[in-house]
Amino acid sequence: MAAGRRAPPEPGGGPVLLQGVFGAGPSPGAASCSLALTPRELQVRGPGGSCGGSSAGPDAALRLADCVGSAAFPAASSAACFSLVCYPLRGPRWGSPARQRLERTFRVCLAPDAEGNLRIAQAWSRRIRELSVPVVPAQDGDSYGVLPRPCRALVLLNPQSGAGRALEDFQAVVQPMLAEADIATTVFVTERAHHAHEKVRDEDLSQWDTLVVMSGDGLLYEVVNGLMERPDWEDTMKKPLCILPGGSGNALAASINHYAGNDHVAKKKLLMNCAFILCKGLHTQMDLVSLSTASGKRLFSFLGFGWGFISDVDIDSEKYRRLGNARFTLGTLQCLAKLRVYQGRLSYLPVGPEQGPSTPSSRDPPGTLPNGQAGPVPLGTEVSGGALPADSLLVPLCQPVPGHWTVVPEEEFVSVYAIYQSHLGTNLLMAPAAGLHDGCIHLFYLRAGISRLALLKIFLAMARGTHLDLNCPHLRYVPVRAFRLEPRTAAGIMTVDGEALACEPVQGQIHNRLCRVLTGS
């Protein structure tokens with residue numbers, strides 16, 4: 001059948017949109033194969049049960065959901081070629097599957113001249129690119145978008161983050177993938193603390209379609225707060241952000257990988273998954289939390305706020321950052337050996353019963369829901385005009401919390417952590433039911449009196465997201481819309497998105513869908 005003619009519907013991939021017989025490779029002597037392009041896949045069939053030796057095999061299908069790019073180009077002897085590059089998930093006999101590069105090139109020699117063959121190749125390549133664009137979810141269409149092609153990306157990279165391999169990994173793994181996806185990059189390598197913050201605060205960002213952070217979570221924290229200091233922050237925050245794991249914890253990258261339905265992976269596998277998400281270009285909205293401190297600071301956070309044990313581990317293990325994610329294991333053991341108790345008052349505004357899908361269990365205090373399950377929450381505050389969003393759920397820190405808030409009766413804690421993503425780190429699934437825009441702060445606190453062994457069991461179970469199933473009487477979880485923490489003394493370490501804060505009274509509230517981020521789902 002000539003290229004461009006329609007064929008009857010075929011099972012699996014849907015109706016055939018294009019069909020033709022081409023060479024199974026760029027060389028003139030390549031064996032012929034039959035191609036059928038459907039809305040979901042490129043079906044490859046070769047004579048004699050093979051496609052010119054292609055590993056695609058007989059009756060193979062290249063999923064367009066795995067395709068990041070396609071190109072057409074002239075070939076020798078008046079022929080032309082078109083190619084596509086895919087990154088399918090392929091699993092080993094054991095362990096988690098990984099995305100592996102797969103490129104296929106097909107030779108076109110159907111027309112009597114070079115121009116005709118190039119037009120056919122271009123038609124196939126163009127259709128493959130069109131069908132490879134992610135479909136925006138119909139149920140929430142206003143929340144989603146897709147990066148344009150060609151796309152221009154500003155990459156902010158910290159070469160010192162994690163084990164110090166961010167620049168090398170970007171050049172070796174990410175940059176070739178982005179070139180295949182028609183994403184041009186401008187790489188900005190940070191040289192000092194707050195360098196990225198200043199760059200995005202002061203730069204004309206209109207020349208880029210997306211801002212990519214290749215580092216740990218701390219650099220994205222700089223970027224978010226730099227953007228929120230701009231006079232045009234409302235428009236700028238509509239520009240999608242992307243996180244590529246180049247640090248030690250990589251919590252947001254692990255969360256986005258989790259939301260995409262991928263298996264738990266780390267290191268290069270996680271980087272490949274996140275780079276693939278960037279290549280596909282689907283983006284959606286993400287919640288931010290506004291934090292206010294007693295000293296008058298206002299910060300915006302995308303990951304979490306902590307005080308006590310978890311923050312101690314995070315900051316105390318900085319000296320081992322060259323170990324990568326292993327630094328947290330070593331830090332946990334050291335902090336267990338010198339387990340501290342912190343005194344303060346914790347208050348929160350719980351998610352209302354009508355806003356969550358579950359009812360409180362016997363192990364949870366009033367306002368809590370079991371196993372990290374929380375439903376969508378109405379918008380905490382409306383964002384309008386040019387001013388920063390108002391914290392309408394909060395009163396000044398010098399005033400008591402409103403009467404409808406819950407005040408935790410205990411005032412001695414081992415740890416308090418408010419998280420808004422699923423993962424606390426690459427290997428720590430703290431809030432399994434969290435989402436990018438669920439309108440919820442997932443508040444965990446550990447009361448004093450817990451043994452070192454019980455605390456260790458909690459963190460071991462957190463690797464699988466089953467820590468609440470332990471029914472530890474010292475661990476409490478509650479989904480909230482706002483919270484306040486008032487330490488009795490300036491003791492202990494506070495962190496926001498992994499960055500250290502002075503220990504002082506702080507409060508925060510959720511702001512629903514305040515920015516945009518690249519996503520796989």
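The values are calculated or read from the model by the stated rules, or taken from the named source; none is laboratory data. Quick caveat: nothing in here was measured; it's all calculated off a predicted structure. Here the Cβ is made from the backbone with ideal geometry for all residues, glycine too, and neighbour counts use every protein chain on show. The accessibility values were calculated without ligands, DNA or RNA, using every heavy atom of the protein model including side chains. Shrake-Rupley method; radii C 1.70, N 1.55, O 1.52, S 1.80 Å.
With the Cα gyration tensor of segment 147-236 giving a ≥ b ≥ c as the square roots of its eigenvalues, does the rule (a/c under 1.5 for rounded; else a/b larger than b/c for prolate; else oblate) give rounded, prolate or oblate?
It comes out oblate by the Cα gyration axes.
Which value, in Å², gives the accessible area per residue of segment 422-521 when a 1.4 Å probe is used on the protein heavy atoms?
Value returned for segment 422-521: 32 Å² of accessible area per residue.
Taking a ≥ b ≥ c as the square roots of the eigenvalues of the Cα gyration tensor of segment 235-318, is the shape rounded (a/c under 1.5), prolate (a/b larger than b/c) or oblate?
Oblate shape, in that a/c is at least 1.5 and b/c is the bigger or equal ratio.
May I ask for the longest run of the chain untouched by trypsin sites (Lys or Arg not before Pro) that are loop-located per DSSP and have at most 13 neighbouring C-beta atoms (other than their own) within 10 Å?
With trypsin sites (Lys or Arg not before Pro) excluded where exposed in loops, the chain gives 339-463 as its longest stretch.
How large is the dipole of the chain about the Cα centre if only Lys and Arg carry +1 and Asp and Glu carry -1, each at its Cβ, rounded to the nearest 20 debye?
The calculated dipole for the chain is roughly 1380 debye.
Could you tell me which of Asn117, Gly216, Leu244 has its Cα farthest along the dipole of the chain towards the positive end, charges placed at Cβ (Lys, Arg +1; Asp, Glu -1), taken about the Cα centre?
Asn117
Quick one: what are the phi-derived ³J(HN,Hα) couplings along segment 336-344, Karplus 6.51/-1.76/1.60 with θ = phi - 60°, whole Hz, x for glycine and proline?
With coefficients 6.51, -1.76 and 1.60, one gets 5, 5, 10, 4, 10, 10, 10, 9, x Hz.
Return the carbon/sulfur percentage of the accessible area of the chain, one whole number, probe 1.4 Å, all protein chains in place.
So the carbon and sulfur contribution to the accessible surface is 54 percent.
For segment 191-305, with only Lys/Arg (+1) and Asp/Glu (-1) charged at the beta-carbon, what is the dipole magnitude about the Cα centre, in debye rounded to 20?
It comes to approximately 420 debye.
With an 8 Å cut-off on Cα pairs and a minimum separation of 6 or more residues, tell me the relative contact order of the chain in percent.
Averaging sequence separation for qualifying contacts and normalising by length gives 14 percent for the chain.
With a 1.4 Å probe and all protein chains kept in place, how much accessible area does His474 have, in Å² rounded to the nearest 10?
Approximately 40 Å² of His474 is accessible to the 1.4 Å probe.
Per residue of the chain, what 222 nm ellipticity follows from adding -39500 (n - 2.57) for every DSSP H run with n ≥ 4, rounded to the nearest 500?
Taken over the chain, the calculation gives -6000 deg cm²/dmol.
Residue by residue, what Karplus-based ³J(HN,Hα) values in Hz, rounded to whole numbers, does segment 71-79 have, using 6.51, -1.76 and 1.60 with θ = phi - 60° and x for Gly and Pro?
Coupling constants for segment 71-79: 9, 10, 7, x, 9, 5, 6, 6, 8 Hz.
At 1.4 Å probe size, what's the solvent-accessible area of Thr210? Round to the nearest 10 Å².
0 Å²
Rounded to the nearest whole Å³, what is the per residue volume of the convex hull around the Cα atoms of the chain?
166 Å³
Once you charge only the Cβ atoms, +1 for Lys and Arg and -1 for Asp and Glu, what is the size of the charge dipole of segment 392-521 about its Cα centre, to the nearest 20 debye?
Dipole of segment 392-521, to the nearest 20 debye: 260 debye.
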